[in-house]
Structures are given as C-alpha cells and as structure tokens.
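Q: Below is one structure. I have some questions about it.
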Amino acid sequence: MRYFIWGLFWIGVYLSLALFPCLILLYGSMPGGYGFWWDFSMALGFAAASMMALMFFLTARFKRAALPFGVDIIYYFHKHISLLLFLFAAVHAVILLCTEKVVWEMLRPEQINRYMAAGIVSFILLALMVFSSLWRKQLQIHYDNWRLIHAFLAVAAFILALVHIEGVGYYIATPAKRIIWGAIMGCWVLLLLYVRLIKPFVLLRKPYKVREIIPERGNAYTMIIVPEQHQGIDFQPGQFVWLSMYHSPLSMKEHPFSISSSPEQKGELHFTIKELGDFTRRIKDATAGEPVYIDGPYGAFSIDRHPSEHGYVFIAGGIGIAPIKSMLSTLAGRGDGRPHFLFFAGSTLDKLTFYEELYSLQEILDLKIVCLLEHPPPDWAGESGFLNSRILQLYLPEHLQELKYFICGPVPMLELAERELHKMGVPLHHLHSELFDFV
C-alpha cells in the first residue's frame, strides 16, 4: 500500500508538471483568439514542449520517484510517452498548415524567420530521435553511440523548441509569463547539470574494483567487485545497477546489469554477464583491480518488495537467471522454509547458467527445479520445448493462484509466461517481470 500511495503521488507530480506550462497560459490577459483550431494547435505545441522537458526528469533516475514503479517501467513509459509527444508536435504543425494560409507564407525561403526555422529544425531533430530509438537495432547503431546521439538530439530539440516558443510570443507576451518560462528553462538547466556533471562526480568518489572474473555456463562470466574505501551499497535481492567500466561515469557509457549475488554477501557485488555485444564481450578480459563505477540500486523486481505467505515461483530464460539467482541465494541465506519453484528455460544444457549451483540450493531450500531445453540431449529426462500451461500445472500446487511469480528473460518468453499464467487464474498483481530491453 505504501508503494501504491507513493506511485499515485508521483503520477500526480508528473501530470501537474506536464500541465503547468499550459495552465499558466490562461493566467492574466489573453491575446485575441484565432478560433478553435488555432488555440487547439497552440495547446498541443505547449504540451509537447512541457512533455519534452519532463523526458529529462524521467531518465534522471531519481530513486524516490522510481521506487514505486521500478526504473525499467519508467524507461518504458519514457519510450511510449515520447511517441505521444511526437504526435502532439506533428498534429500541432499539421493543424496550422491546414487552417492558416499565413503559415505557408511564413515558410517561404525568403519569408522564414529565426523562430520558425527553430521550430522546424526542432521537429526534425525530434523525428530523428524517435526514429533512431525505435529502429536502433535494425540500423545497427552501437548502444554507446546511440546514447550520445540521443542526448544531443534531445537537448538540441528542446532548446530550439524554446527558441520557437519565445519567438512566436503568442500566449507568453506578458512579463510574468516570460519569468515563469524562464524559471522552467532554469530548472531544466539545473537538472541537466545534475545528471551529466554532479551525479557522475559523486560516483567517481565511490569507486569499486574488480576482484575476480569467474567463467559460467552459457557464454557468461561472473564479475566480482568490491568497494574501495567506502561501505558499498545496500540493495534488495533482484535489483540492478548501471555499471561504468573502462570509462569514467562522465562518459555516458554505462550499462544496466542485475546483481546476481545475495545482499547477505557483505562487502562484494556479483554481476553475471552474458557475451552479447561489444561491451559484454570484454568482461572476460577484465583484470583484477580494474576500476568500476555503479549507480544504483534500482528496480522493483524483488521478493522483498512483494512478500508471499505461500512461497514463490521463478521463471527464467537465459541470462534472466541472474536476478533470480540473487533472490534464491537470499532465501537460502535466510533459512527460508517455504516451498519455491524454479522453471529455467534454455536452448541447450550448456546454456543454463548456474545449473549446478542452482541444484545445490535444493540442499538448503524447499526448491523444485524444472529445466526446459529447446534442444535436449538424447539422454535428457527433463522437460523440453517451450513453457506452457501443461508444464506449469504439472509441477505447481493446486493453490497456484496464491503464489507470487517472478519472470525474467527474453521478451517473447516473458509474454508467453504471463499469458499462460493469467489464463490459469493467476491475478495480474501476482505477476512481476523484469524488462531490460529498454531500447
């Protein structure tokens, strides 16, 4: 209930900040109107500008604001609300082009002025930002390069949007309204300085160093890091951090990774990372003493956030086992006596990271493990194929609707598991998934 109330509070804050620039337009004397479509177009334009400013707040990773939802959900919201922002900006322009002939005159090369040009370029940059985000993988843009491009486009598009608004002057011609818009711009600058300068400098003062790299099944490696001259972080099992390595936090080259160790293991953090891209392929070559910087912890994907009287069901695919391993190790360290279930899917037996270690937990926990292989060996006695309701009903108890479920893995597997469980009568609020495919 506490997280629910805080969630409503932060939703209210977001809506208030998004609407505030539009509401101040109604303050004081109003300029002469040009009709409904003109005013509606202006409202959409101001709404797009305020939403654009809030995008920087959404990605600033304020822990209090992210706590009720989880950073992964906030990033997904950021992704989808950006499409609505772009739609508002596009409709703003289309309405003016369709209803106001004077706009066409103002767009003629010999007539176009500074603020109209700023608005056009801002919209083009916004379109490039949306396009490069939605099709980053298809365009084969490296993640680190995309982040730098995305940040540049976002800052440039927002500044040009403000130049456009200031130049048009419609609805903000009074000194009081200009002061308010100036204050909004000032807050945005302070937020940018905090995210890109102050926060990275704080992380620089709390470094970690690599202690060991351990090879795992499934082309994965566990990197163990320890804090240098500080106490480290407190985290809940299943949470993740943003990790910077080979670069300082100022470089914007950071990546999200789940903590695979238990919070009971004081003084060290484990990250189990699969070779998937340029950065992850370098993990195995990291040397002892390599500096590492982390920003976190983040995430609501934790048994400590969702208590259950009847035990837990964990469903993992591939490297999605990392946060679940953290939760299972924590339960073992706490001497938990409730029954738990783990469904672990992979293409082959060699791809099941932590396979032996997970089975060793059965000596401590009341844990039932069901492994599913897409391509099982000839002597395989376990389940094969993909997870479905038949397999779930075969191993889960009759009161399966009362259990809490944690699901982490590839998006298709996640969606399949959620759909099958919901068909079996499991309430949606008992299903908890971790989403890492931000972009």
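The values are calculated or read from the model by the stated rules, or taken from the named source; none is laboratory data. Everything quoted here is computed from the prediction, not taken from an experiment. Cβ coordinates were reconstructed from backbone atoms using ideal geometry, including for glycine residues, and neighbour counts include every protein chain displayed.
Q: Take the residues in the stretch 264-305 that are charged (D, E, K, R) and modelled with pLDDT under 85, then tell me which one is nearest to His340 (Cα to Cα).
A: Only one residue fits best here, namely Lys266.
Q: Give Leu358, Leu416 a once-over and let me know the one that is more than 28 Å from Leu134 (Cβ to Cβ), outside the structural domain of Val241 (by TED's automatic domain parsing) and not in a loop (DSSP other than H, G, I, E, B).
A: Leu358 is the lone residue from the list that is more than 28 Å from Leu134 (Cβ to Cβ), outside the structural domain of Val241 (by TED's automatic domain parsing) and not in a loop (DSSP other than H, G, I, E, B).
Q: Looking at Ile141, Ile159, can you tell me which residue is farther than 19 Å from Ser41 by Cβ, buried (at least 17 other Cβ atoms within 10 Å of the Cβ), free of Cβ contacts under 8 Å to residues at least 60 places away in the same chain and not assigned by TED's automatic domain parsing to the domain that holds Arg281?
A: Answer to the selection: Ile141.
So that you can scan it fast, the table gives a plain yes or no per residue for (1) exposed (fewer than 13 other Cβ atoms within 10 Å of the Cβ); (2) at pLDDT 80 or above; (3) assigned by TED's automatic domain parsing to the domain that holds Phe123:
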| residue | (1), (2), (3) |
| --- | --- |
| Gly7 | no, no, yes |
| Gly12 | yes, yes, yes |
| Pro21 | no, no, yes |
| Tyr27 | yes, no, yes |
| Gly32 | yes, no, yes |
| Trp37 | no, yes, yes |
| Met42 | no, yes, yes |
| Gly45 | no, yes, yes |
| Ala53 | no, yes, yes |
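Q: Could you say which residue among Leu67, Leu84 is crowded, with 16+ Cβ neighbours inside 10 Å, under 30 Å from Phe301 (Cβ atoms) and of a type outside the set (Gly, Ala, Ser)?
A: One residue alone meets the criteria, Leu67.
Q: Select, from Phe235, Phe314, Phe271, the only residue that is crowded, with 20+ Cβ neighbours inside 10 Å and either over 26 Å from Phe201 (Cα atoms) or more than 19 Å from the chain's Cα centre (by Cα) (or both).
A: After ruling out the rest, the residue left standing is Phe314.
Q: Right, something else. Quick check on this structure: which one of Ser262, Ser258 is touching a strand residue (DSSP E or B) at 6+ places or on another chain (Cβ under 6 Å) and closer than 30 Å to Pro307 by Cα?
A: Ser258
Q: Looking only at residues that are outside any loop (DSSP other than H, G, I, E, B) and small (Gly, Ala, Ser) in the stretch 244-268, which one is surrounded by the most Cβ atoms within 10 Å (Cβ to Cβ)? Before you say what the answer is, go through the steps one by one.
A: Initially, the stretch 244-268 is screened for residues outside any loop (DSSP other than H, G, I, E, B), giving 244-245, 249-251, 254-258.
Retained after the next criterion (residues that are small (Gly, Ala, Ser)): 244, 251, 258.
Working: Ser244: 23, Ser251: 13, Ser258: 26.
Filtering first and then ranking leaves Ser258.
Q: Out of everything in the stretch 350-374 that is touching a residue at least 60 places away in the same chain (Cβ under 8 Å) and out of contact with any Gly (no Cβ under 8 Å at 6 or more places or on another chain), what residue ends up being nearest to Pro323 (Cα to Cα)?
A: Filtering the stretch 350-374 down to residues touching a residue at least 60 places away in the same chain (Cβ under 8 Å) leaves 350-355.
The next check asks that each one be out of contact with any Gly (no Cβ under 8 Å at 6 or more places or on another chain); those that pass are 354-355.
Working: Phe354: 12, Tyr355: 14 Å.
Per the stated criteria, the residue is Phe354.
Q: Here is a further query. How many residues are part of a loop (DSSP other than H, G, I, E, B) and without any contact (Cβ under 8 Å) to a residue 12 or more places away in the chain if we restrict to the stretch 206-240?
A: Of the residues in the stretch 206-240, 2 are part of a loop (DSSP other than H, G, I, E, B) and without any contact (Cβ under 8 Å) to a residue 12 or more places away in the chain.
Q: To continue, here is another question. In this structure, is Leu203 closer than 23 Å to Asp72 by Cα, touching a residue at least 60 places away in the same chain (Cβ under 8 Å) and surrounded by 14 or more Cβ atoms within 10 Å (Cβ to Cβ)? Spell out how you get there, then give the answer.
A: Numbers: closer than 23 Å to Asp72 by Cα: yes; touching a residue at least 60 places away in the same chain (Cβ under 8 Å): yes; surrounded by 14 or more Cβ atoms within 10 Å (Cβ to Cβ): yes.
So Leu203 fits the description; yes.
Q: Same structure again: Suppose we filter Ser347, Ser326 for residues that are surrounded by fewer than 20 Cβ atoms within 10 Å (Cβ to Cβ), assigned by TED's automatic domain parsing to the domain that holds Lys423 and in contact with a strand residue (DSSP E or B) (Cβ under 9 Å, 6 or more places away or on another chain); which single one remains?
A: Ser347
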